Each structure stands twice: as C-alpha cells, then as structure tokens.
Amino acid sequence: MFVFYDTETTGISKDFTQILQIGMLFTDDDLNILSSKKLDCRNAPWTLPAPAALLTTGFTPDDLKTNKNTNYEMMQDANDWLRGQHWPITFVGYNSITYDEPVLAQNFYQSLLPTNLTTDKSPENGQFNGRADVMYMVEAAALYMPGALKLDTKNYYGLPSMTLKAVAQQNGVNLSDEDAHDALNDIKATVGVAKVVKKAAPQVWDQMMSLSTTQGVEEFLGKNKIFTYANANHYDEVEKKPYAMQASVMTALTGVEGTAGQTLFDLRVDPTPYLKMSVEQLKDVFLSQDRSKPLVLMDKGSQPILMPMDLSDKILTKTDDAAVFEARAKTVKAHKAFLENVAKAAALATQEEQQPAVPATTAFPETMVDKHISVHAKTKLDAWAKEFREADDWHARAVMVEGFRSRFKDELEKDPSLDRFVKIAGRLVYEHAPQELTAQQQESMKKFIAARILNPDPNAPYMTIAKARKELSTVEWLRKKPDSDKWKDVTDTDIRRLKLYYTSLEKEYAPYAPHLTKPANNNAPALPPVKKPSTGFNGKSPKP
C-alpha cells in the first residue's frame, strides 16, 4: 500500500519552513487511488512566508489570514489520517526524500508529534513503513534502462530536466502550468509518473521499491558482494552546478554506529594506497568534494540507487573486469585494520558534516529536531506531548507549559536542551489562546516575533522582511529580463500586494523592536480582493 504526498510551504529552509498545504493519496499496490486528503492552513506569526513561495503556490496574504486552520491543527489532522490507514505503508513523493521528508518531520516536531511516521513500524505486524522518491526512480530508469522514459527536455545546464512537470508532460501524464504547485494536483501527476515507470521499467521499479526501507537495503547488501551504486544527489559543490548522474561498481564496508550511514568502496579504484591510510586521512577522503574518490558514505534510509550486477549492463564499460572487482572486494573486506579505520573515519566525517553552517542557530528549537534524547527522557516527553495534544482546552495546555520545568527538573539538569519542547508548546499556546498567558508573556512573544521577522542580518537562517524585500527585487529584475521566462506570470498587482503585506507586518511589530528598523513608507494603492486559486516562548524572555 502507498501514500503519495506533496507539500506546499512557506519557503525552502528545511528547519524554518512551515507547510501551508499537504495533499495525500492512499493507493493499493497497483497504484489505484483508494482515498485522498488535502489540508491547508495559515502561517504561524513567527514564520514569515517567502515571496517566491507565495508567488509559486498562489497563496495570497489574505488566504493566510482567513484560513481557519493553524499549522498545529493541520498537522494533527494529517497525523490522524495517515495513522488511520492500513500499515505498513510506503510513503512516496517526487523529490521528497531530500525536501518534503525533513520538512514533514520538522512540522510534526513543532506540533509535538512523533517525527518518525514515515519510518515507523506497524503495531499490528511489526513491519516498517518505507519511503520512496519517484524522481530517484526516474533517474535510475534513465541510467539503467535508457530510452524507457522520454526525457528529451533539457534544463538550464543542458541535462535532462527531472522536474515533475517536465517528466509528466513528456510521458503522457497531464500536469498543466495552471495545475502545478497545488499539492493534490502534483500528487496525481506523481502517481501518473510512477505508473509510467512501473510499466516502462519494471525491473527498476521493483528494485527501487525493495530499497524503500533500511531493512531492505541491508538485505540487498547482505546478498550482493559487488553491485552498482548511483548517487542521486549529483550536485558539484565546487562548481555549484549539477552534473550527469554517475554510477560505479561498489562493495559494502562498514556501517556508521548510531546512524543509517553505510560506507562503500569504489572497486574501479585500486584499494592498495588506501589500506595504509590513517583515520584522519580516510576522513578527509570521505569529506572530499572530488567525485572520483573511492570512499562513499551512503544513507541506508534514503532509498539509495543500488543495482545488482545483472541489471547494471548499461553502466559497465569495456574495461570493467568482474574478476578484478571480486578480488578487490575480497581484499578490502578481509583487511580488519582498514575496516576499523574506515568505521572511525566515517563516524568523524558524519559528525563534521552535521555541524551547523551557522553555529549560533544551535540555540533555536527548530535546529534540534534530530538531537539525541535519552530513552528515559523520551518516554517521559512522549507521554507529556500526548497529554498536551489530548488536553480538553488551551487553558489546560497553558497550565502544562507553566509546570513543564518542575515536571522535568531532573531531566533538564542532565540535558538543558530539552527546554526546547516547552518553548515550542508556549508558542502554540500564544498562537491559539494568547489570553491564557500573562501580559508579560504576551509581550515577550511579540518581542520574539519582532526580533525574528525584523532581523536585518542577511545570513539569518529564517525568512525576514529584509530578505523578503531583497527576494522581491530579484523577482522584479527577472520579470524584466527579455531572455528570461522566470516569473513571467507574476503581475504588478501580485508584487504590490506582497510589498503591502511585508510593510504591514513591519509596522505591526516595529514597536516591539524599535532598535531594528523603521517602518518603510509604502504608498501603493489599495488592491481589490483576489480570487483564491484552484520557539519563542519560555515564560520569561523573548529569546527563541
């Protein structure tokens, strides 16, 4: 059984983005749609929607104000609907594993819901849910069964365009410009493309679906001493542009303790020089941006593109020698010291990669969604969060917020970062029932919101009014470029409406952060109504 889903959001930052709309389709194994659900909401006051997001999705500022649902309420509904389906489920999207998945987890987290729904296991049979990405399947089909799909449309870099619209329209799946960027329309198109892949490249479909769970990946690695692996995230960080997907012949080495990481070695490379490398040297190989490096760190939980050798003819070259690959695999697997060093190096590389780009953001509750929690504390927190969600009213929830620090006194002494949960809960109380807070607490929240949206720092990890205005200027510039089709459907009215929106917010919150900004003078005329298209709280201070 499958759940196809898609989200429309306030921006592109995975930590600070809020889902505005989520569409979900429940299908049987033959991809016949059995039921559907579409939910939308308004944005939370501390989450500023990016102009590009609003212009892309068609949401207007008026839509955000008048929508009766909050994000918290929408995520509760989505959670209930998804848990009401027959499990195990494979959750499927388009370009979902690198974007929609972490955004979905973040929005569950900020709604005090379990974040692991897409990889959780059925309470009835113990089988795990899976997650799959149709874009990965399209890319795998292009590489391993070239010609099975029509992919003639090129992107800016001259590579086959892998956007949902481009793939759908070339392969007989209806998705017009008008229909795109509505969550439910995008999902229906994703189901259509999935049907095309399943029919045109059945071996790729079956193999990729078998890799939709960590357990499936581990089973494959256990059965295949050598295999081919293609990195779906083919973007050159040095040249800052994508490159054509590449695959190579690999063997599995070690896992990374405490994570879903798995180390692989490229058997097209002679392993001899690497067998004598130190842990630090091997770590540098893992972190290198050189695409020819032989050591690769793969995520077993993200549907990696792995193929057995009997399905890999299209990527093998005349110089590839199976006997050489077998011998090299035997050598690296038998070298105990090398394997131990690889495991240590991979752990260090993983730790280094997970360091935030802006260290100061570690203070934000949003950036701690994946932070480890002890088993004891997690059990107690889960019970508290369930009690919060099931409380009779917001007064009862406000009382729970006030009592959090005494209830978790011992746990907070061991792990002060657990305080993020009461901050999230306090924000929710403020959004839904500010009257349940003291005047001082309400003032504190307004100062927090003001400090966030009026922050003049261009490197702030979240959207701000300053960044929104800069983004709007870019949109206006691109609209005027004669050689650009970007934002061609955006009107002057759309631009003025957003300018007024950001200015009104600036004026509303400027009194709570007078040191940050002076309200801009915006004399744009009033606009007619538009037809709708088909942390902060801690009880004491405004700090996030």
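Annotations
- Matching residues in region 31-53 - criterion: being touching a Lys or Arg at 6+ places or on another chain (Cβ under 9 Å) and of a type in the set (A, V, I, L, M): Leu31, Ile33, Ala44, Leu48, Ala50
- Some residue of region 315-322 being modelled with pLDDT of 95 or more, buried (at least 20 other Cβ atoms within 10 Å of the Cβ) and in the same structural domain as Lys223 (by TED's automatic domain parsing): no
- Residues in region 429-446 that are within 29 Å of the chain's Cα centre (by Cα) and not aliphatic (A, V, I, L, M): Tyr430, Glu431, His432, Lys446.
- Flag for Ala260 being modelled with pLDDT under 95, touching a strand residue (DSSP E or B) at 6+ places or on another chain (Cβ under 6 Å) and closer than 21 Å to Ala343 by Cβ: yes
Let's see how each residue does on (1) under 28 Å from Ala168 (Cβ atoms); (2) surrounded by fewer than 22 Cβ atoms within 10 Å (Cβ to Cβ):
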| residue | (1), (2) |
| --- | --- |
| Asn71 | no, no |
| Gln76 | no, yes |
| Asn79 | no, yes |
| Gly84 | no, yes |
| Pro102 | yes, yes |
| Ala105 | yes, yes |
| Phe108 | no, yes |
| Leu117 | yes, yes |
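- Test set (1) modelled with pLDDT of 95 or more; (2) assigned to a loop (DSSP other than H, G, I, E, B); (3) not charged (D, E, K, R) - Gln85 fails condition number: (1)
- Assessment of region 390-408 against the conditions (hydroxyl-bearing (Ser, Thr, Tyr) and at pLDDT 95 or above) yields at least one matching residue.
- Meets criteria (of a type in the set (Gly, Ala, Ser) and in contact with a strand residue (DSSP E or B) (Cβ under 7 Å, 6 or more places away or on another chain)) for Ala334: no
- Top-ranked residue in region 202-252 [being farther than 28 Å from Asp120 by Cβ and out of contact with any strand residue (DSSP E or B) (no Cβ under 8 Å at 6 or more places or on another chain); ranked as surrounded by the most Cβ atoms within 10 Å (Cβ to Cβ)]: Gln203
- Ser473 vs. criteria surrounded by fewer than 20 Cβ atoms within 10 Å (Cβ to Cβ), more than 30 Å from Tyr72 (Cβ to Cβ) and modelled with pLDDT of 95 or more: yes
The values are calculated or read from the model by the stated rules, or taken from the named source; none is laboratory data. Note that this is a predicted model, so its numbers are computed, not measured. Positions of Cβ are generated from backbone atoms using ideal geometry, with glycine treated the same way; all protein chains shown enter the neighbour counts.
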